[in-house]
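Single-structure report; data block below.
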Amino acid sequence: MILEVLVSALAAFIVVIIGGQFLMPILTQSGLIAQDINKRNRPILPTSGGLILALGFFAGVLALMFSVDYIIGSVVNTEILLMTLISVIAIAMVGFLDDLMGGKVRSSKESLIKMTKNYAFFNGGVKQWQKPLLTLIAALPLIVINWGAPTIVIPLLGAVQINQILFTVIVIPVAVIFAANVFNMLEGLNGISTQMGLVAFVALGVFSFHTGAYTAFAIAAIFSGGLLAYVYYGSYPAKILPGDTLTYMIGGAFAATVLVGNMEPLGVILLIPWFAEFVLKARKRFHANSWGVVQKDGRLRSPHGNSVYSLTHLFLRTGKFREWQIVYMLTLVEVIIAALGLFVLW
């Protein structure tokens, strides 16, 4: 079973690598472009990079389902696997809708001038209050599955059974909505959501395999394979910008993997940086940005002065760090949190 899952993850990796070469020029020619404002020359790049990852995840899941049907038998739950795929693709489309609405005039000369002079232009698209409602769509495929009575293993308490109605009507929607939107909050620097998300999914994969939750292990492995390939496109210096398509999809896939594998305690631990980001952004009523203002030496400083409204501001406020340094330090924080989470819950 491990070999088939790893081959499926490899399929996701390969499709992302190859798919990016085809999709980037299509996105550019379609006018889905934006400025990478953390660079001195502010290059124009294609955006909505999450579409590339969606292709990879789709290919990986298909490869695994082929293995299940023709080679290894029912080691994973194909119904849950398929519903998770639908959920992840649905939330990617919600993010893509936001990208489209936010970038509907970006291909014009006037739009490019406006992007250069006014960072607030990037806040276009779906309104803040609409985003949670739209991301609820992605929870529906998971809601329609009859999960049975879900059991969560909590340290010191042991196995705790959750009421079926409570789990279906409240836990699933809240988990998907929160994870999707909070991953979107901590974005703005090349590779930050990709690299931190990759660490979180690897941790979920390791833990789900340890507990025998093989469907969740398969989802985490395939998504990790796609994310690892996307690092080539999204890490500093980025070749394509993620857009809400990517950030929503990572958050939605994270929530689905946690729910499928009954890994809620680990999921909460892994989300600590994003919980912190949520609290910090709430202090500014979610109107703060995570990116920086480029200085002459290429280092970034915060657009909010010494105030801290994002985890990135802890570094940006000093004006001493470059973009890639901030991303790698926050990724290291997630590595430490993941290691501690696995150690505590193993």
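Numbers for the structure displayed
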{"quantity": "Column: log10 I(q)/I(0), Debye, Cα scatterers of region 297-339, q = 0.13, 0.32 Å⁻¹", "calculated": "-0.28, -1.06"}
{"quantity": "Choice from VAL75, VAL15, VAL308 showing the highest fluctuation, given a GNM over the chain with Cα pairs closer than 10 Å", "calculated": "VAL75"}
{"quantity": "Computed over region 2-345: relative contact order in percent, which uses C-alpha pairs under 8 Å that are six or more apart", "calculated": "23 percent"}
{"quantity": "Cα lying deepest toward the dipole's positive end in region 2-345, options GLY56, THR135, HIS304, charges on Cβ", "calculated": "HIS304"}
{"quantity": "Estimated [θ] at 222 nm from DSSP helical runs (n ≥ 4, -39500 (n - 2.57)) normalised by residues in the chain, nearest 500", "calculated": "-20500 deg cm²/dmol"}
{"quantity": "At least 24 Å along the helix axis (C-alpha) and Kyte average at least -0.5, DSSP helices within the chain", "calculated": "2-29, 50-67, 78-102, 192-211, 214-234, 243-260, 323-345"}
{"quantity": "Computed log₁₀ I(q)/I(0) - Debye formula, equal Cα scatterers, no solvent, region 1-56, q 0.21, 0.23 Å⁻¹", "calculated": "-0.78, -0.86"}
{"quantity": "Coarse-grained scattering of region 245-346 at q = 0.17, 0.18 Å⁻¹, given as base-10 log I(q)/I(0) from a Debye sum over alpha-carbon atoms", "calculated": "-0.88, -0.95"}
{"quantity": "Rg/Rg_ref, the chain, where Rg_ref = 2.2 N^0.38 Å and atoms are Cα", "calculated": "0.97"}
{"quantity": "Size of charge dipole - the chain - debye, nearest 20, with Cβ of Lys, Arg +1 and Asp, Glu -1, no other charges", "calculated": "1720 debye"}
{"quantity": "Region 182-318: radius of gyration over Cα atoms, expressed as a fraction of 2.2 N^0.38 Å", "calculated": "1.12"}
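Quick note: the coordinates plus some simple rules give every number you see, no bench work behind them. This structure is a prediction, so every number in the text was calculated from the model and none was measured. Ideal geometry is used to build each Cβ from the backbone, glycine not excepted, and the neighbour counts take in all protein chains shown.
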